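See structure below.
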Amino acid sequence: MSTEEYIVRIENASIYQRDNLVLSDVNLKIRPGEFVYVIGKVGTGKSSLIRTLNAELPLMQGDGRVAGYDLAKIKSRDVPFLRRKVGVVFQDFKLLTDRTIFKNFEFILHATGWKEENRIQARIVEVLDSVGMTDSLNKMPHQLSGGEQQRVVIARALLNNPDLILADEPTGNLDPETSDALINLLRRINKEGKTIIMASHDYFILQKYPARTLICENNKVVDFEGELREDVDFESLLDKQE
């Protein structure tokens, strides 16, 4: 079977955070269009796995391909090209606080090679419209609520029309109602053809919107394909929520 049938393929990999082994013997294959959760308690490697898929952490041992790029051999000059195919949604937004949402997005597009101002403006309006946030175009980040900022961050992740969206605890700082709306937005984007890999600690989201689930525990990644299973106590594998 061709490896290109998978948007993510990791084989016999060890994932490190600096010199510390976080995950070992990682084997993972994800097809285009899948929605996959990554769960586990704090410190079990969820974010490290996400950061490795984005080439933020180098793959030190094993083999891996993401969106056609070889993680073990990728050159630093090629990382920006990988990241055009991989959009990232952060828990803490990472918006530039000294400029408007339009200027935030313009900065990203300029950095990824866009040059025509009319195309840049049209694309920014298009992605904000897709998440219902066109009214935020000329607002500063601090003028938006947490949920609004996260919608804007999802729009930012869509700017270069990526094949894969990595969402690292996107509901971590949001109330349940806002979290629910955000997950529905990600699910809609998934149904439109984007692959979504989402790290989460929210058991209620997992229950309400079940999908394939990867569990990070004891330096391993355990893959449960399909919905939550009665023989697995998923809630015990997550941090307690207040």
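Computed values, structure above
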item	result
Solvent-accessible area per residue, Å², over the chain with all protein chains present [probe radius 1.4 Å]	51 Å²
Cα→Cβ-extended label distance, 7 Å offset, between Leu96 and Arg188, nm	2.8 nm
Potential lengthening between Glu11 and Lys103 on full extension [0.36 nm per residue; Cα-Cα distance subtracted]	29.2 nm
Using distinct alpha-carbon pairs, which all enter the 1/r mean, Kirkwood radius of the stretch 73-155 in Å	13.5 Å
Most mobile of Arg77, Arg123, Arg31 in a GNM of the chain (Cα contacts under 10 Å)	Arg77
Which of Arg84, Arg156, Arg119 is most accessible, then next, and so on - probe 1.4 Å	Arg119, Arg84, Arg156
Under the Karplus curve 6.51 cos²θ - 1.76 cosθ + 1.60, θ = phi - 60°, whole-Hz ³J(HN,Hα) for the stretch 194-210, x wherever Gly or Pro sits	7, 7, 10, 10, 10, 6, 8, 10, 8, 5, 5, 5, 4, 5, 6, 10, x
Estimated 222 nm signal from helices in the chain, with DSSP H stretches of n ≥ 4 weighted -39500 (n - 2.57), rounded to 500	-9000 deg cm²/dmol
For the chain, share of DSSP beta bridges that run antiparallel, in % to the nearest 5	50 percent
Listed peptides 54-67, 173-186, 36-49 by packing density, highest first (mean Cβ within 10 Å)	36-49, 54-67, 173-186
Spin-label model distance (nm) - Asn218 vs Asn118, 7 Å beyond Cα toward Cβ	6.2 nm
Label point distance in nm, Lys41-Asp19, each placed 7 Å from Cα along Cα→Cβ	2.6 nm
Debye, to nearest 20: dipole size of the chain, +1 on Lys, Arg Cβ, -1 on Asp, Glu Cβ	940 debye
Whichever lysines have a C-alpha closer than 24 Å to that of Lys220, once near sequence neighbours (fewer than 8 apart) are set aside	Lys29, Lys41, Lys46, Lys73, Lys240
Percent carbon-and-sulfur accessible area, the chain, ignoring ligands, DNA and RNA, probe 1.4 Å	45 percent
Largest-first principal axis extents of the Cα set of the chain (Å)	50, 42, 34
Stretch gain in nm, segment Gln207-Lys75, where the contour uses 0.36 nm per residue and the Cα spacing is subtracted	43.5 nm
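The values are calculated or read from the model by the stated rules, or taken from the named source; none is laboratory data. Please read these numbers as outputs of a predicted model, since none were measured by experiment. We place every Cβ from the backbone using ideal geometry, glycine too, and count neighbours over all the protein chains shown. Just so you know, the surface numbers come from the protein's heavy atoms only, side chains and all, with ligands and any DNA or RNA stripped out. Shrake-Rupley method; radii C 1.70, N 1.55, O 1.52, S 1.80 Å.
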